[in-house]
Each structure stands twice: as structure tokens, then as C-alpha cells.
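Enquirer: Here you go, one structure.
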Amino acid sequence: MSDAVDAVTAQWRQERPDVDVWPMEVVGRISRLSRLLERELRDLFAAHGLESFEFDVLATLRRSGAPYELTAGALLKAAMVTSGAITNRIDKLETKGLVQRVRDSGDRRTVRIRLTERGLELIDELLAVHVANEARLLSGLGPADRDHLIALLRGLLESLGDTAPQ
């Protein structure tokens, strides 16, 4: 069976046999998968009244542990977006009653973003649904293929400098 990337690379091999297009086979598939997965995730989050970026902020706060709060700067670092973008995300979540801004008792200049009780309930409910959805999306892979893919992708990310903070 072939996919859309096979069709594209076959055309290139026909038109430009002098260029080895194997990288297109990898990058093209990763790009197509990214778009397909993002659409599926976006639809799931929308069904729960959230944007993907809102889920990301709620999940980041939740996995930080009790009291489920971080500074805007820590959220900014985790989200890899501009400060204006993170402020906009926090504003939207605050309007929905899912997070609140809390002044740091030790340093009044520092503002922490904290999950509200409603935000905590939503992310706890949605996490299980989200993971089940991801499992459904990856159901075409057996355990050995899944582990192999995880290792390959980790290695590729590391080679491009995307490593965990120390």
C-alpha cells in the first residue's frame, strides 16, 4: 500500500532522478502526521470547550504538582511562545474561570498562575479522555513498533537540540 508521500516522491524521482529525495519521505510523513494529529486533538479539545493551547497550559499547571501553579515566566518557558501569547492564553483561561492570578506572598512583584478548582476538575477529567484518544490514534502500531518509533523520534529530537531542561 502507498500513501500520498509515495506519490510525491515518485514524481520527483521521475522528474529529478539526480536528486535523492529520501528525506522527503521522512519529513513529509512527519509533517502530514503532525497536521492529522493536530486536527484530531483540536476536535477533541473543542468538544470540551478548549483550544489546544488552553489544554497545554492546564496540563502544564496540573503536572507541576500541588498547588498547581507556576509563574507566567515558567509557563512561558514550557510553552515556547512569546510573552504576549502566554498573557493572552492566561487571560482566556482566567475568563473561563479555569485559572487565577495569585500574587506571591514572598514577592508581591511575582504573579503565579494557579488552577482553579474548576480548572483542576476539567484537566483531570480531560486527561484520561485525551490519552485514550491518543491511544486510538496510534492503535495501528503494535507494542514493539511503538517502542521503536518512540526511540527513533527521541533520537531525532535530541539530534536537533530538543532536549529536556537540566
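The values are calculated or read from the model by the stated rules, or taken from the named source; none is laboratory data. What you see is a predicted model, and the numbers here were worked out from it, not measured in a lab. Backbone-built Cβ (ideal geometry, glycine too); neighbour counts: all protein chains shown. Remember, those area values only see protein heavy atoms, side chains included, never the ligands or the DNA or RNA. Shrake-Rupley method; radii C 1.70, N 1.55, O 1.52, S 1.80 Å.
Enquirer: How many of the residues making up region 83-94 are closer than 19 Å to L126 by Cβ and open to solvent by less than 30 Å² (accessible area, probe 1.4 Å)? Walk me through how you get there before you give the answer.
Expert: Keep residues of region 83-94 that are closer than 19 Å to L126 by Cβ, which gives 89-90, 92-94.
Filter again for open to solvent by less than 30 Å² (accessible area, probe 1.4 Å), leaving 90, 93.
Residues in region 83-94 being closer than 19 Å to L126 by Cβ and open to solvent by less than 30 Å² (accessible area, probe 1.4 Å): 2 in total.
Enquirer: How many residues does region 95-124 hold that are open to solvent by 30 Å² or more (accessible area, probe 1.4 Å) and touching a residue at least 60 places away in the same chain (Cβ under 8 Å)?
Expert: Within region 95-124, residues that are open to solvent by 30 Å² or more (accessible area, probe 1.4 Å) and touching a residue at least 60 places away in the same chain (Cβ under 8 Å) number 2.
Enquirer: Sticking with this one: Any residue at all in region 40-49 that is under 15 Å from the mean Cα position of the chain (by Cα) and open to solvent by 70 Å² or more (accessible area, probe 1.4 Å)?
Expert: The answer is yes; a qualifying residue exists.
Enquirer: Related question: Out of contact with any Ser or Thr (no Cβ under 8 Å at 6 or more places or on another chain) and not β-branched (V, I, T): is that true of E54 in this structure? Before you say what the answer is, go through the steps one by one.
Expert: Numbers: out of contact with any Ser or Thr (no Cβ under 8 Å at 6 or more places or on another chain): yes; not β-branched (V, I, T): yes.
In short, yes.
Enquirer: Let me ask something else about it. In region 58-70, what residues are crowded, with 16+ Cβ neighbours inside 10 Å, under 14 Å from H130 (Cβ atoms) and touching a residue at least 24 places away in the same chain (Cβ under 8 Å)?
Expert: L58, R62
Enquirer: Then there is this: Name the pairs: first residue in region 1-24 and of a type outside the set (A, V, I, L, M), second residue open to solvent by less than 100 Å² (accessible area, probe 1.4 Å) and assigned to a helix (DSSP H, G or I), Cβ to Cβ under 6 Å, at least 6 apart or on different chains?
Expert: Cβ pairs passing all conditions: T9/M24; T9/E25.
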